[in-house]
Amino acid sequence: MPATLAGSWRLSSSVSLRPEPFGALAYDFATRQLSFLKSPLLVDVVRRLAGAGSVDAALDSAGVPAEQHAAYLDALRSLARTGIITADHPRSSP
Amino acid sequence: MTLAPERPVTARPVTARPVGGKLVDQFEFGLDAPICLTWELTYACNLACVHCLSSSGRRDPDELTTDEAKALIDEFERMQIFYVNIGGGEPTVRPDFWELLDYAVEHHVGVKFSTNGFRITPERAAKLAATDYVDVQISLDGATAEVNDHVRGAGTYDAALRAMANLQAAGMKDFKLSVVCTRHNIGQLDDFKAIADTYGAQLRLTRLRPSGRGADVWDELHPLPEQQRELYDWLVANGDRVLTGDSFFHLSAYGDALPGLNLCGAGRVVCLVDPVGDVYACPFAIHDTFKAGNIRSDGGFDTVWKHSELFADLRNPQTGGACVSCSAYDSCRGGCMAAKFFTGLPLDGPDPECVKGNAETAIAGERTRPGSSQDHSHTGTVRNAPVPLTLLTRRPDSPCDESPVTTGRRIGL
Ligand code: SF4
Ligand code: SF4
């Protein structure tokens with residue numbers, strides 16, 4: 001599992017997001033696991049990952065204030081750990 | 001015919017949804033679509049379990065047609081209902097069951113279906129194992145044929161085990177072995193776990209609720225107070241390895257809260273669509289009092305979910321009534337609405353199985369049980385009908401279980 005958020009990321013292809021008043025539900029059809037994203041802004045960031053080129057660019061374009069970047073990066077790391085977001089170009093093994 | 005007690009509608013203060021905060025507080029106000037949707041495809045069943053929560057047996061002539069069922073699946077897809085729990089009756093007796101299953105999968109609606117296992121042949125098992133979108137739940141209410149068949153009918157133990165063997169041989173992993181906990185099987189919890197492990201299944205324990213035919217046998221079948229304690233201790237010791245669908249939150253009053261939401265999700269995150277398209281607040285609350293509308297006559301499922309008066313009312317915070325002074329109120333919240341309703345207890349008071357004993361007087365006293373507002377039980381003889389000595393049978397269950405909420409990960413800031 002990747003520990004860093006280097007490079008470009010996106011929502012995993014087996015995951016769907018459903019908007020809810022508190023943020024969104026994320027359901028992974030491959031693992032049948034439901035997760036709760038507890039902030040609408042975090043949901044916006046996740047949606048912007050694909051095509052943003054980098055996690056930082058997604059945070060900026062969603063308008064996340066600089067002082068909150070660390071907290072959002074933590075949340076994104078848990079999303080990466082649980083497979084909800086995936087690295088766009090996983091490095092091929094040597 | 002007795003009249004149902006009124007729901008205490010006016011007792012609920014109308015409050016606004018909080019911003020941020022705990023997830024449970026958000027769920028209290030309801031979601032844009034349910035998380036735990038049960039869809040009973042048919043009232044027809046090849047069995048006649050004594051505790052069937054939907055009083056199933058005979059098909060209703062008004063059941064949704066194949067086209068209507070497909071249109072409903074389309075609606076689930078539009079609402080992004082990621083998966084549905086399909087039950088009945090026995091869903092596999094519907095001639096179009098496998099067709100509807102394929103249709104749901106093609107439309108990105110995952111399905112977990114409950115079955116008594118009779119029709120899970122090696123060929124079906126292989127098909128089921130081939131997709132991530134389908135999960136199967138086999139009902140078994142005794143770890144021995146003796147205990148199980150008394151409730152579910154002759155041969156049902158063997159049929160369930162055969163189905164599990166077929167699923168395992170087909171390579172299906174983590175399907176569910178679903179057990180309704182009764183007075184007669186609480187002593188078998190370790191044995192159920194061993195059976196589940198043998199077949200590579202996940203054990204799921206749920207609460208016996210006095211719904212449907214279950215109301216008639218609840219008094220004799222629900223676990224005794226000391227068995228409830230045994231169950232709680234077992235869940236605390238094994239909780240991370242069994243699913244409970246958040247069934248037992250009333251037991252949290254013994255001490256540490258059990259994992260889960262500890263909230264009655266009825267009409268908030270949970271609901272039921274029955275075979276004729278009626279929408280109820282919860283699979284255990286099949287009664288006119290908890291009917292929100294009908295998908296044919298009230299503008300479709302989405303409209304009923306979002307705009308029914310009943311659901312709007314249920315989405316206000318509960319008032320605790322006699323329970324608010326209880327030290328366990330935060331984790332128990334007065335227990336299960338359906339259990340109170342069908343035992344004739346006030347909805348804002350303690351659960352009939354209140355572990356603090358606060359319902360004992362009311363249960364022992366004069367009660368008017370509301371009875372059922374539908375009954376599709378078999379009227380003639382059923383081939384392998386259970387012999388209800390003192391035992392009851394139930395229909396294959398289809399609860400609001402495998403609460404995804406229980407296993408869900410909360411990712412916040
Ligand atoms: S009525 Fe009972 S079974 Fe239904 S959601 Fe509420 S607590 Fe659960
Ligand atoms: S009094 Fe009410 S809140 Fe307290 S344990 Fe009993 S049912 Fe639960």
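The values are calculated or read from the model by the stated rules, or taken from the named source; none is laboratory data. None of these values were measured; they are calculated from a predicted model. Because the Cβ atoms are built from the backbone with ideal geometry, glycine has one as well, and the counts that use them run over all protein chains shown. Ligands, DNA and RNA are excluded from the accessible area calculation, which covers all protein heavy atoms including side chains. Shrake-Rupley method; radii C 1.70, N 1.55, O 1.52, S 1.80 Å.
The stretch between B:A322 and B:D60, if pulled fully straight at 0.36 nm per residue, gains 90.3 nm over its current Cα-Cα span. Given a 1.4 Å probe and the protein chains as shown, B:E146 ends up with an accessible area of around 130 Å². In this structure segment B:15-98 gives 31 Å² per residue of accessible area when probed at 1.4 Å with all protein chains present. What does the charge add up to near A:E67, with Lys and Arg as +1, Asp and Glu as -1, over the other residues with Cβ less than 15 Å from its Cβ? Overall, the nearby charge balance is -3. Spatial offset of segment B:27-79 relative to segment A:19-34 amounts to 22 Å, using the alpha carbon center of each.
Of the solvent-accessible surface of segment A:9-84, computed with a 1.4 Å probe and all protein chains present, 50% belongs to carbon and sulfur. Rounded to 0.05, the FRET efficiency of the B:D102 and A:D74 pair, given R0 = 51 Å and the Cβ-Cβ distance, is 0.80. Per-residue shielding of A:37-50, expressed as the average number of other chain Cβ atoms within 10 Å of the residue Cβ, stands at 2.
Buried surface for the B/A pair, taken as the accessible area of each chain alone minus that of the pair with a 1.4 Å probe, is close to 2600 Å² in total.
In segment A:6-34, burial by the other protein chains removes 30 Å² or more of 1.4 Å probe accessible surface, compared with the chain on its own, from A:R18, A:E20, A:P21, A:F22, A:Y27, A:F29, A:R32, A:Q33, A:L34. A straight Cα-to-Cα reach below 19 Å connects B:K356 with the lysines B:K340, residues fewer than 8 places away in its own chain not being considered.
Within chain A, no whole DSSP H helix has Cα atoms reaching 24 Å or more along its own axis together with a mean Kyte-Doolittle score of at least -1.0. Remark: for residue pairs B:K22/B:K291; B:K70/B:K112; A:K38/B:K193; B:K70/B:K193, the C-alpha separation exceeds 26 Å in B:K22/B:K291; A:K38/B:K193; B:K70/B:K193. Note on B:T368 and B:R183: with the Förster distance fixed at 25 Å, the Cβ-Cβ geometry gives a FRET efficiency of about 0.55.
Shown in residue order for segment B:341-347 are the 3J(HN,Hα) couplings computed by the Karplus curve 6.51 cos²θ - 1.76 cosθ + 1.60 at θ = phi - 60°: 4, 6, 9, x, 9, x, 5 Hz (x for Gly and Pro). Expressed as a whole percent, the accessible area of chain B that falls on carbon and sulfur atoms is 51 (1.4 Å probe).
Cut-off 16 Å, label point 7 angstrom out along Cα-to-Cβ of A:D88: give me the residues of segment A:33-66 whose amide nitrogen falls inside. The answer is A:45-62, whose backbone nitrogens lie closer than 16 Å to the label point. Label zone (B:F29, point 7 Å along Cα-to-C-beta; backbone nitrogen cut-off 13 Å) within segment A:20-57: A:20-23, A:40.
Stretching B:A71 away from B:R241 to a fully extended chain increases their span by 57.5 nm, per 0.36 nm per residue minus the current alpha-carbon distance. Entry comment: accessible area of segment A:9-84 is 39 Å² per residue, from protein heavy atoms only and a probe of 1.4 Å.
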